[in-house]
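As structure tokens, the structure follows; a few thoughts come after it.
The values are calculated or read from the model by the stated rules, or taken from the named source; none is laboratory data. Computed from a predicted model, the values in this text were never measured in an experiment. Reconstructed Cβ throughout: ideal geometry from the backbone, glycine too, with neighbour counts over all protein chains shown.
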Ligand SMILES: [Zn+2]
């Protein structure tokens, strides 16, 4: 019988390989350019398969299209309690592209400078890919089982919405994961320093919906020198301006309320609804993301129309990046209709629902306990993510999704700015911390 437990009771180091693996995975350029297959998703998935195979864990590779590779592995060695439902542990292998000219270092070299691993994917999310592999390999070598069965899923295409990754897997091979009841992945588990002896660890329990709209204005094409009653460019410009300038009213979801309460308690202040955003500003750069979770948002991002200076085009279009709080979609679409007026219409380019689960239950208690064991100043709190993740796909199978990729971060690091940013980097000691927390978590989750 293989023992359960964690590195605390056994002789292995869950963090032993995490830094090297993170560097190695960064060096496999898995840039996602949208529908075109990028250079490295298959290479990365094959390398992960090899790393798992070395410690006796078999995996399956799936490709909806050549080179868009997703890996699934069942890990339930002797000692796992197979009466328990499996836990889905997922991480994407693709990254957003990086323009080397903007960076201080080569974004695909995986260099270590100033105590950090630098490179595209360092926080999104080759850090967690590496933590997971380091922990699983160390446990497998030491013969230490996780408490419950684990499904490891490494996906392609997360950065473009998962149609060639998680969403495809749920559509085509739900049998690989549909007995999972809970999942952990990005974006959460990172620390926000309140005081020397208090760090909030933000666990994602909800994420906004994506309503990417194409606005279309039709008019009468004609000569640019003439008077015109229905100029598509004029109509579209007015609509875009009204949408972009609209101040969306606050819509506080249960997750957001819980988060605001936790902030209020941690800062030992009452949050006045009228000045809540000023108070959040005290939290530093993370306030940019938290601010965006107070309401629906709609940002114009592209505008198109016309082909010649003296020709009025018959049509003009614009793109709106709309994000909706849980429960906020219907109000969002109603408001957009009013704002754009009767002469402009819209189509959905992307329509993905929001996701929300309660920050409660044994799994969140296991997160808190494993964080606290490694950081006595840790306090786990649920929060609403302004962006979207693969959780949108797993949620379709009724799986409760949590963002839990633990990192203890230095107070001064602009962590939110690292996501898709230049000079993306992660402290090596944060990676090692994360591996130790994850190891403890797998013993009790
Ligand atoms: Zn990500």
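Remarks
- Which listed residue is touching a helix residue (DSSP H, G or I) at 6+ places or on another chain (Cβ under 7 Å) and assigned to a helix (DSSP H, G or I), from 239, 217, 183, 206: 239
- Matching residues in the stretch 74-84 - criterion: being within 24 Å of the chain's Cα centre (by Cα) and surrounded by fewer than 20 Cβ atoms within 10 Å (Cβ to Cβ): 74
- Test: residue in the stretch 115-127 that is surrounded by fewer than 17 Cβ atoms within 10 Å (Cβ to Cβ) and under 21 Å from residue 429 (Cα atoms): yes
- Selection status of residue 15, assigned to a loop (DSSP other than H, G, I, E, B) and either surrounded by fewer than 18 Cβ atoms within 10 Å (Cβ to Cβ) or in contact (Cβ under 8 Å) with a residue 12 or more places away in the chain (or both): yes
- Residue check for residue 128: within 24 Å of residue 187 (Cβ to Cβ), more than 16 Å from the ligand (Cβ to nearest atom) and either at pLDDT 95 or above or assigned to a loop (DSSP other than H, G, I, E, B) (or both): no
- Lone unmet requirement of (1) within 16 Å of the ligand (Cβ to nearest atom); (2) modelled with pLDDT of 95 or more; (3) assigned to a loop (DSSP other than H, G, I, E, B) for residue 153: (3)
- Selected residue (criterion: surrounded by the fewest Cβ atoms within 10 Å (Cβ to Cβ)) from residues of the stretch 163-179 that are over 13 Å from residue 91 (Cβ atoms) and under 18 Å from the mean Cα position of the chain (by Cα): 163
- Scanning the stretch 78-94 for residues that are within 16 Å of the ligand (Cβ to nearest atom) and in a loop (DSSP other than H, G, I, E, B) turns up at least one hit.
- Residue 70 being under 26 Å from residue 428 (Cα atoms), under 23 Å from the mean Cα position of the chain (by Cα) and touching a residue at least 24 places away in the same chain (Cβ under 8 Å): no
- Looking across 145, 109, one residue alone is touching a helix residue (DSSP H, G or I) at 6+ places or on another chain (Cβ under 8 Å), closer than 23 Å to residue 84 by Cα and more than 16 Å from the ligand (Cβ to nearest atom). It is 145.
- Of the criteria (1) outside any strand (DSSP E or B); (2) within 16 Å of the ligand (Cβ to nearest atom); (3) over 20 Å from residue 413 (Cα atoms), which one residue 123 fails: (3)
- Residue in the stretch 431-439 that is over 24 Å from residue 282 (Cβ atoms), modelled with pLDDT under 95, in contact with a strand residue (DSSP E or B) (Cβ under 9 Å, 6 or more places away or on another chain) and within 16 Å of the ligand (Cβ to nearest atom) present: no
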